[in-house]
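First the structure, in the form of structure tokens, and then the observations on it.
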Amino acid sequence: MTDVTVKIDGHDVTVPEGTLVIRAAEEAGIEIPRFCDHPLLAPVGACRQCLVDIPDAGNGRGFPKPQASCTIPVAEGMVVETQNSTAVKAQHGIMEFLLVNHPLDCPVCDKGGECPLQNQAMSHGQGETRFEGTKRTFPKPINLSPNVLLDRERCIVCQRCTRFAAEIPGDPGIALIQRGAQQQIGIAEDKPFSSYFSGNVIQICPVGALTSDDYRFRARPFDLVSTPSVAEHDACGAAIRIDHRRGKVMRRLAGNDPEVNEEWITDKDRFGFRYAVRDRLTSPMVREDGELRPASWLEAVAIAAQGLAGAGSVGVLPGGRLTLEDAKAYAAFARTLRTPHIDFRARPLSEEETGFLRSRVAGTSLTYADLDAADHVVLVGLEPEDEAGTLFLRLRKANKSGLRITTLSPYASEGSRKLGAEVVLTAPGAEKDVLSQVSGVTEASVILVGERLATSPGAYSAAAELADRTGARLAWVPRRAGDRGAVEADLLPGEGGLDAEAIVRAGLDALVIAGVDPDDTADPAAFLAALDQAGFVVSLEQRVTAVTERADVVLPVATASEKAGTFVTWEGRRRPFPKVFDKPAAYSDAEVLGHITTSLVEPASAASGVETNTASSSAEGDRVGLDTPPPSGSGGSTDEGGFHLATWHLMLDNGTLQSGDKALAATARPAFVRIPAALHEKVGDVVTITGDRGSWTLPALPAELADNTVWVPTNSFGRGVWADLASPGSTVTVVSTSSTSEEDQ
């Protein structure tokens, strides 16, 4: 790309050809007022506030009137004046027009104190108004969604929100309606603005027309203390800013990090923070006479150390919410206990995955920039829109620039459509065979695999083989923020050790558990039974859970905002973050483990090799079903036959870190069963789906699915798929509710 030189306010500026005038001015340190312009959105010239005078367009002739600098590309020899009388008059005139109907409610407006309109009205506006009429008013606010509220009289129709929705996440549910003076932001009748990224329109709105239901009228910007941090809800490592006052989080905003999330975050990262105050454990507890009672830290730590020291075999299940520092502490703690039985995975897993994580994931690095430079990205066992929001946005942006995306998925989801992906319909368990047939993979390609492949025998090995054969880069994208750091800390079974599923079934003497929701595990009933049968259970947890209710010692630990630490993203990128709140007795997992280690009596013996071998053998026998591919079937299955069950977590569901956020929960997508169109015609809009663990009755939608496959969200109904419906790798039946009712009668 060639460079061109332009003169802006008498300064020569050299920029790449095609650069917008407003960007060239920024390079020279020259400020041009603007509202609709945003560097990550396509230019539109809607607000006209950035008008400049161009006496020479580079061809010896000037424009006859001021031009919007956000839409005009530079040209060699162009002359631009941003501060002469013509430009200043135009800018002042536009500002006067914008303020004609804008209300004078700055003292109560949520944007007051950080408002671009407020600031630029002072720097580029008239001192007094000439308008003597009555300002336009509307009923307020309008609920565009449960999260996003609109005050129409404040809107200057800059179109930042509508452009964001259409361009960035591909959710054009918000648009300009009406015409002329009545033009305003609106949504389809009785259809809220639905997007996992809707909160970004609030942050980029330059005038306070869009506000958050959660934050509205709760604080003023000058009352808040801001602390940079990293989002803890997924493995993407999005930069955020936490605004807080008197020890409480008031709001969370997107941080600006061009290498990771640019300026966007998911609604889950933005609004999902009330879990840190809801149902929190406030003090240690110990079990006495069958009941938990409050205890001091000294007493609880001493009892935990004594119980673990006296146990012959100990299993450690640290979960996936850990920082890298916490993960390393758990690894060291397991070595202190001399136990190889440790595993961070609180979900269905496999031995194949264990080897894959150690050989193909630990110590590797692949960045968002590598995705931008790739010629082809293959997604396997991964739905980025639901499981990795920042990754989804980066892939969508790259696809719009020409990146080819192929996804092996059980059904053609809306997220795949937004990515412009070529969908290869793949039944659960068939990924191994389909991977060998994927074409167009080169050494410039990237293969992204998700954690769901653990339930597909041979899939991880097939992905590794494809990468080796073609020279493509390979990366693993987990759901939880702490999973990649746990891999780096090697929180996986040691030599002769049991994995998480085997630990549950082995009947070990003691368990140390942190951040594990039993309903997320492959067999929730077996997990809860293991807790009941274990001789001694220590729980390090933030909130009251099914685990803490069964533990012998409960030790409360700090949330992400109450400690400093480092998350490791799916890229392998380390994302350190500072402590936001310095609360007394809010200890990190690492600090609590350190206290236990200090008090720990030397174990009488390591976990017995005989016990370990017996437990391992027993567990392996129990897990045969997981490692066996689901039976194949034909696409012509009837409603009475068995279907492969496909499932993944929606971004917004019944997850424990989302509880307490009512507005956020109201935006979650409802639970549907996705079934083949032919089956839908036979069974209707409401069906009963039955697996080996129970039945669900849910609305059904027709979808383009792999042969003999149905799909349900993992944790959007009841206690979730694994607890209430079916075991991993099993089949289900689907019948109409009318058929079920007739059988009951």
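The values are calculated or read from the model by the stated rules, or taken from the named source; none is laboratory data. Remember, it's a predicted structure, so these values are computed and weren't measured experimentally. Neighbour counts run over all protein chains shown; Cβ positions are idealised from the backbone, glycine included. SASA here: full protein model, heavy atoms, side chains in, ligands and nucleic acids out. Shrake-Rupley method; radii C 1.70, N 1.55, O 1.52, S 1.80 Å.
Which numbered condition trips up A534, out of (1) under 29 Å from the mean Cα position of the chain (by Cα); (2) open to solvent by less than 30 Å² (accessible area, probe 1.4 Å)?
Here A534 meets the rest and fails (1).
For segment 469-512: of the residues being assigned to a helix (DSSP H, G or I) and in contact with a Gly (Cβ under 6 Å, 6 or more places away or on another chain), which is surrounded by the most Cβ atoms within 10 Å (Cβ to Cβ)? Spell out the reasoning first.
Here is the first cut: in segment 469-512, the ones assigned to a helix (DSSP H, G or I) are 469-470, 483-488, 500-506.
Remaining after also requiring in contact with a Gly (Cβ under 6 Å, 6 or more places away or on another chain): 483, 503.
Values: D483: 30, I503: 27.
That would be D483.
Determine whether segment 427-446 contains at least one residue that is in a strand (DSSP E or B) and either at pLDDT below 95 or open to solvent by less than 40 Å² (accessible area, probe 1.4 Å) (or both). Explain how you work it out, then say what you get.
Keep residues of segment 427-446 that are in a strand (DSSP E or B), which gives 446.
This time we only want the ones that are either at pLDDT below 95 or open to solvent by less than 40 Å² (accessible area, probe 1.4 Å) (or both), so: 446.
Taking every residue of segment 427-446 in turn, at least one turns out to be in a strand (DSSP E or B) and either at pLDDT below 95 or open to solvent by less than 40 Å² (accessible area, probe 1.4 Å) (or both).
Inside segment 667-713, can you point out the residues that are open to solvent by 50 Å² or more (accessible area, probe 1.4 Å) and either at pLDDT below 95 or not in a strand (DSSP E or B) (or both)?
R669, P670, F672, A677, A678, E681, K682, D685, D692, R693, E704, D707 - these are the residues of segment 667-713 that are open to solvent by 50 Å² or more (accessible area, probe 1.4 Å) and either at pLDDT below 95 or not in a strand (DSSP E or B) (or both).
Residue-wise test of (1) of a type in the set (S, T, N, Q); (2) assigned to a loop (DSSP other than H, G, I, E, B); (3) open to solvent by 30 Å² or more (accessible area, probe 1.4 Å); (4) out of contact with any Pro (no Cβ under 7 Å at 6 or more places or on another chain).
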residue	(1), (2), (3), (4)
R241	no, no, yes, no
V249	no, no, no, yes
R252	no, no, no, yes
E259	no, yes, yes, yes
I265	no, yes, no, yes
D269	no, no, no, yes
Y275	no, no, no, yes
R278	no, yes, yes, yes
R287	no, no, yes, yes
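Anything in segment 106-137 that is within 28 Å of F197 (Cβ to Cβ), open to solvent by less than 40 Å² (accessible area, probe 1.4 Å) and not in a helix (DSSP H, G or I)? List them, or say none.
C109, D110, K111, G112, C115
Go through the residues of segment 185-199 one by one and say whether even a single one is at pLDDT 95 or above, open to solvent by less than 20 Å² (accessible area, probe 1.4 Å) and assigned to a helix (DSSP H, G or I).
yes
Residues in segment 342-350: is at least one in a loop (DSSP other than H, G, I, E, B), touching a residue at least 60 places away in the same chain (Cβ under 8 Å) and acidic (D, E)? Give the derivation first.
Here is the first cut: in segment 342-350, the residues in a loop (DSSP other than H, G, I, E, B) are 343-350.
From what's left, touching a residue at least 60 places away in the same chain (Cβ under 8 Å): 343-350.
If we keep only those that are acidic (D, E) too, we end up with 343.
Yes: segment 342-350 contains one or more residues that are in a loop (DSSP other than H, G, I, E, B), touching a residue at least 60 places away in the same chain (Cβ under 8 Å) and acidic (D, E).
When segment 8-22 is examined, which residues are found to be of a type outside the set (D, E), surrounded by fewer than 18 Cβ atoms within 10 Å (Cβ to Cβ) and in contact (Cβ under 8 Å) with a residue 12 or more places away in the chain?
Kept after step one, since they are of a type outside the set (D, E), are these residues of segment 8-22: 8, 10-11, 13-16, 18-22.
Filter once more, keeping what is surrounded by fewer than 18 Cβ atoms within 10 Å (Cβ to Cβ): 10-11, 14, 16, 18.
Within segment 8-22, H11, P16, G18 qualify.
Checking P206 against (1) buried (at least 19 other Cβ atoms within 10 Å of the Cβ); (2) in contact with a strand residue (DSSP E or B) (Cβ under 9 Å, 6 or more places away or on another chain), which test does it fail?
All conditions pass for P206, except number (2).
Please go through (1) assigned to a helix (DSSP H, G or I); (2) open to solvent by 10 Å² or more (accessible area, probe 1.4 Å) for G415 and return the number of the only condition it doesn't satisfy.
Of (1) assigned to a helix (DSSP H, G or I); (2) open to solvent by 10 Å² or more (accessible area, probe 1.4 Å), only one is false for G415: (2).
When residues of segment 384-412 are filtered for being surrounded by 24 or more Cβ atoms within 10 Å (Cβ to Cβ), outside any helix (DSSP H, G or I) and touching a Phe, Trp or Tyr at 6+ places or on another chain (Cβ under 8 Å), how many remain?
Of the residues in that region, 2 qualify.
Cβ contacts < 7 Å: first residue modelled with pLDDT of 95 or more, restricted to segment 355-368; second residue part of a helix (DSSP H, G or I), any location; separation 6+ or different chain. Result?
Filtered contacts from segment 355-368: F356/Y460; F356/A464; L357/V487; R360/A464; V361/V487; A362/V487; A362/E488; Y368/R394.
Across segment 447-468, what is the number of residues that are of a type outside the set (F, W, Y), part of a helix (DSSP H, G or I) and touching a strand residue (DSSP E or B) at 6+ places or on another chain (Cβ under 8 Å)? Please lay out each step first, then the result.
Applying the first criterion (of a type outside the set (F, W, Y)) to segment 447-468 yields 447-459, 461-468.
From what is left, the residues that are part of a helix (DSSP H, G or I) are 451-455, 459, 461-468.
Narrowing further to those that are touching a strand residue (DSSP E or B) at 6+ places or on another chain (Cβ under 8 Å): 451-453, 459, 463-464, 466-467.
The number of residues fulfilling the criteria is 8.
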